[in-house]
Amino acid sequence: MKQRKICMLGTSSVGKTSLVRRFVQSVFSEKYHTTLGVKVDKKIVKSDGDPVCLMLWDIEGEDRFYRIKQNYLRGLAGYLLVADGTRPVSLDAAIRLKSNMASAFRDTPHFLVLNKSDLHDQWCLQAADIKKIASAGFTVISTSAKTGENVEQVFTKLVELIN
Amino acid sequence: MNPTLPRANNGNESAQNKSVKATAGKTEFQSLQSIILGRDFQQLQDISRQLQNPVERTHLVSEVLSEAVRERTQKDDSLAASLSETIDRSLQKSIEKDPSPIVDAIFPVIGPAIRKSIRETLDGMLDSLNRMLELGLSFRAFQWRFQAWRSGVSYAEYVVLKTLVYKVEQVFLIHTETGFLLNHLSDGGEDIKDPHIVSGMLTAINDFVSDAFNSQQKINTFRLQDMEVKVTVGPYAMVALVVRGSPPDTLGIRQQEVLEDIHRFYSKQLKQFRGNESAFEATTPYLEACLQSQYERPPKKSRWKAWLVILLLLALAGYWIFTDYRQSQRQQQLWQEVVSSITKEPGLVVVEAGFEGAGYRVSGLKDVYARDPTTFLPESALALPVQWSWSPFVSSEPEIAEKRLQKVTWPAGVSWELDGTGVLFLSGRVEQSWFDAMRASLVHIPGVESLNSRQLLIEQEPGQKLRQLVRTLRLQQLYFPRGESRLSEDDLPEIITVVNVIESLHQLATELGRVLSIQVRGHSDQVGGERMNVLLSQERADEVLNAIEQQSSLLKRTGILESSGFSYRYQEVVESRALVSNRRVDFYVIDRSLNFQE
């Protein structure tokens, strides 16, 4: 069975862990995020009829300078930059995170995930924000970890992109 | 020279000329080469020829092959690893083709190998038995049982924990860069979480530590109570062992060797790893070398306990077999005795006796007067149940006939005896009516062939006797000459007979409480007038009555006699006798108590 490493990146409280929890059955406690800054989960999906073992590295990993422990990114096949539509600052953080990634990782398949689509009426993205996203060349997918909207799809599409 | 030849070969001539020139040029070039390169040129040519010629090339390699193999084998195991697959296939092909050469080749080693294997198995059994005894019956065992009970774990778990030196429960082969699990082996132990995730987290922890301490070094060991995780990291892969207990240093060395072997033989796969773990399934034999364990071993000298137990068990088994055999013999003997007794018993005929299903079975014939067969079963009960199947029959054996005769209601005073030939001897005193009734039925009792009643005194009954006397009296008749009514001297004996009969009758009737009256009846023939004849009949009756009363004062006193004369007409009506015999006197008995006349 093929294995693929996928990293979840994004500032705190954007819902990375909730997205993973919605997607997989977690084995370990969430407390690893605070102690290690990372938690690994597994999900087996089908791609072109073949099973693929996705190793999901949910990385808490940004400090106030939006730096990620590059060790955690080694061997990644794809990543999801997660932002919260209700907090434009999280979008900035996502863009900064990407730019802080080593160039080797930066161009691997990825999506910008705008989470919390269930709170769409509370989204406060300005035209400037949209411009920023467009100029950064992101493919944007809006999801809701709460309702499950697009959660499966975002991972499936990423796997398709990787393979 | 033929003048036409140059013309005819005109076309070939120029080619020939070219060839000659080229040959000359080549020779010149070779001469030049040999001048410049000297002897080296010749050697180079030889080497080139040898390399191009397969036969010579093979010869060259064969010269150094064995030395090369030896040298490489001393250096590392890569040759063995490379050849293993080829050897496997060759063996497989050879066995498929004809297994006998391989069988012949390994035959000398099979015997010793089997013996060694058996010896080691026996040793292992002895050791484990010894260990079991040690752990089951010793003081330490009781102590451990108590402690296990106090700690709330099973005794087996407690013993393992106490005697375990170390045990490798899990082996992980992890891709260093991605943290992907390449292979995983488990040897019991506690259930662990998903090995893929554990492998990812192990890598994350290692990354975290490297990051946190800003070092390229990785964690080698971390401990959790009695559990230890030993990690050896290589450039492309790492081997992590989950060990319970205190492993020896040699385990770390082994772990390092395994990691090196995997790097050596799978370097290409490790370098090109893109997430497909199936390429590493073949690493299992390497990783299995890490699945080691060691338990505390009892000293060899205490094996006598195991031997003692084995001897004891053998002795017990022997005793059990002996007693079981004895018991079955005893049971068989008991059963034979039962069957033999039943066979001898009168009224029982055993047709078939034997063992069937889960018990004994007897089938045969049984007379109703025979003894109950179940009473033949011994007091020390048979181990198996007995199924009886009896069909009824009538036995003529003397013992059974006697039982039947005992059921007959015998009158008091009668005794009987049946002899071996079936003759029933009766003795004593018996009434005629009983004898008459029973005579036929006694002979019909099976086993009674005939009756012997010589010793039997058959008595008549009073009533019957009375009837007999009445019949006797009725036959007594006294005849008179024509016109006569006087008895002659010759008639006296008859009168005396009549007197005796009437006296007996009177006596018997008195005993029986009956009142009889005897009518002396006079008769006459038809000669003469009826009136005269009636008078003559009366005279004749009176004459006889007087004669009787003269002979018996008893009869005279009792007055039971009465006389009457009958007309011949009466006689005609009553019976048709010859009239000549009608000049007579006869007797009638009248039972006054029953108003009965005979």
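Quick note: the coordinates plus some simple rules give every number you see, no bench work behind them. For clarity, every value in this text was computed on a predicted model and none was experimentally measured. Virtual Cβ from ideal backbone geometry, glycine too; neighbours counted across all protein chains shown.
Where the centroid of each part is defined by its Cα atoms, how far is region B:95-155 from region B:68-90 in Å?
What the calculation gives is 33 Å, centre to centre.
With axes computed from alpha carbons, what is the tilt in degrees of helix B:432-443 against the longest principal axis of chain B, rounded to the nearest 10 within 0 to 90?
Between the helix axis and the principal axis of chain B, the angle is about 30 degrees.
Across region B:52-103, how large is the tail of the calculated P(r) beyond 18 Å, expressed as a percent of all Cα pairs?
I get 57 percent for the Cα pairs in region B:52-103 exceeding 18 Å.
Just want to confirm a number: the relative contact order over region B:410-525, from Cα pairs under 8 angstrom separated by 6+ residues, in percent.
Normalised by residue count, the contact order of region B:410-525 is 20 percent.
So what's the angle, to the nearest 10 degrees on a 0 to 90 scale, between helix B:462-475 and the longest Cα principal axis of chain B?
The two axes meet at around 40 degrees.
Against the longest principal axis of chain B, how steep is helix B:139-151, in degrees 0 to 90 to the nearest 10, with axes from Cα atoms?
Between the helix axis and the principal axis of chain B, the angle is about 80 degrees.
Tell me, rounded to the nearest percent, the portion of alpha carbon pairs in region B:35-130 spaced more than 19 Å apart.
When all Cα pairs of region B:35-130 are counted, 74 percent exceed 19 Å.
Collect residues whose amide H, placed 1.01 Å from N in the peptide plane, falls under 5 Å from the amide H of B:GLN292; neighbours closer than 5 in sequence don't count.
When sequence neighbours closer than 5 places are left aside, the close amide H contacts are B:VAL168.
Cα atoms only, region B:211-331: Rg and Dmax in Å?
26.6, 90
Once phi is turned into θ = phi - 60°, what whole-Hz ³J(HN,Hα) does the Karplus curve with 6.51, -1.76 and 1.60 give for every residue of region B:116-126, x standing for Gly and Pro?
Taking θ as phi minus 60°, the curve returns 5, 4, 5, 4, 5, 4, 4, 4, x, 4, 4 Hz for region B:116-126.
Plugging the Kirkwood radius over Cα pairs into Stokes-Einstein for the protein assembly as shown, at a temperature of 4 °C and a viscosity of 1.567 mPa s, what D comes out in µm²/s?
For these conditions, the coefficient is 30 µm²/s.
Find the centroid of the Cα atoms in region B:466-504 and in region A:73-146, then give the distance between the two in whole Å.
165 Å
I need B:GLU461, B:GLU345 ordered by Cβ neighbour count within 10 Å, fewest first.
Exposure proxy ranking, most exposed first: B:GLU461, B:GLU345.
Considering amide H positions built from the backbone, and no H for Pro or chain starts, which residues 5 or more places from B:THR221, or on another chain, come under 5 Å of its amide H?
Result for B:THR221 returns B:VAL231.
With just the Cα atoms of region A:2-162, tell me how far they stretch along each of the three principal axes, in Å, largest first.
Extents along the principal axes: 41, 31, 30 Å.
Based on alpha-carbon positions alone, could you give the equivalent ellipsoid semi-axes of region B:398-459 from the gyration tensor, as √(5λ), descending, whole Å?
After diagonalising the Cα gyration tensor, the semi-axes are 18, 11, 11 Å.
Quick one: Cα centre-to-centre distance for region B:340-399 and region B:232-261, in angstrom?
Measuring centre to centre over Cα atoms gives 81 Å.
For region B:135-234, what is the relative contact order in percent, using Cα pairs closer than 8 Å and at least 6 residues apart in sequence?
Normalised by residue count, the contact order of region B:135-234 is 15 percent.
Taking trypsin sites (Lys or Arg not before Pro) as exposed when DSSP calls them loop (any state but H, G, I, E, B) and at most 12 other Cβ atoms lie within 10 Å, what is the longest stretch of chain B free of them, the sites themselves excluded?
B:1-192
In µm²/s, what is D for chain B at 37 °C and 0.692 mPa s, where D = kT/(6 pi eta Rh) by Stokes-Einstein and Rh is the Kirkwood radius from Cα pairs?
Once the numbers are plugged in, D ends up at 78 µm²/s.
Would you tally the net charge around B:THR283, using a Cβ to Cβ cut-off of less than 12 Å, leaving B:THR283 out, and scoring K and R as +1, D and E as -1?
Here the charged neighbours net out to -3.
P(r) for region B:418-565: what percent of alpha-carbon pairs falls in each 5 Å bin, starting at zero?
All Cα pairs considered, the percentages come to 2, 8, 14, 14, 12, 9, 8, 7, 7, 6, 5, 4, 2, 1, 0.
Mind computing the radius of gyration and Dmax over the alpha-carbon atoms of region B:146-295? Å is fine for both.
16.4, 57
Would you please give the residues with an amide H less than 5 Å from that of B:LEU182, counting only those at least 5 places away or on a separate chain, with H modeled from the backbone geometry?
The answer is B:LEU173, B:ILE174, B:HIS175.
Report ³J(HN,Hα) in whole Hz for each residue of region B:379-394, in order, from the Karplus equation J = 6.51 cos²θ - 1.76 cosθ + 1.60 where θ = phi - 60°; Gly and Pro get x.
Going residue by residue, I get 5, 6, 4, 5, 5, 10, x, 10, 9, 9, 9, 10, 9, x, 7, 10 Hz, with x marking Gly and Pro.
Roughly what % of DSSP beta bridges within region B:462-597 run antiparallel, to the nearest 5?
Counting DSSP beta bridges with both partners in region B:462-597, the antiparallel share is about 70 percent.
Using only the Cα atoms, what convex hull volume per residue in Å³ does region B:307-392 have?
86 Å³
Go ahead and estimate [θ] at 222 nm for the protein assembly as shown from helices alone: -39,500 (n - 2.57) per DSSP H run with n ≥ 4, summed, over the residue count, rounded to 500.
That comes out to -16000 deg cm²/dmol.
Can I get the semi-axes of region B:77-186's equivalent ellipsoid? Compute them from the C-alpha gyration tensor as square roots of 5 times the eigenvalues, in angstrom, largest first.
Working from the Cα gyration tensor, I get semi-axes of 44, 28, 10 Å.
Express the relative contact order of chain B as a whole percentage, based on alpha carbon pairs under 8 Å and six or more residues apart in sequence.
About 7 percent, as a whole number.
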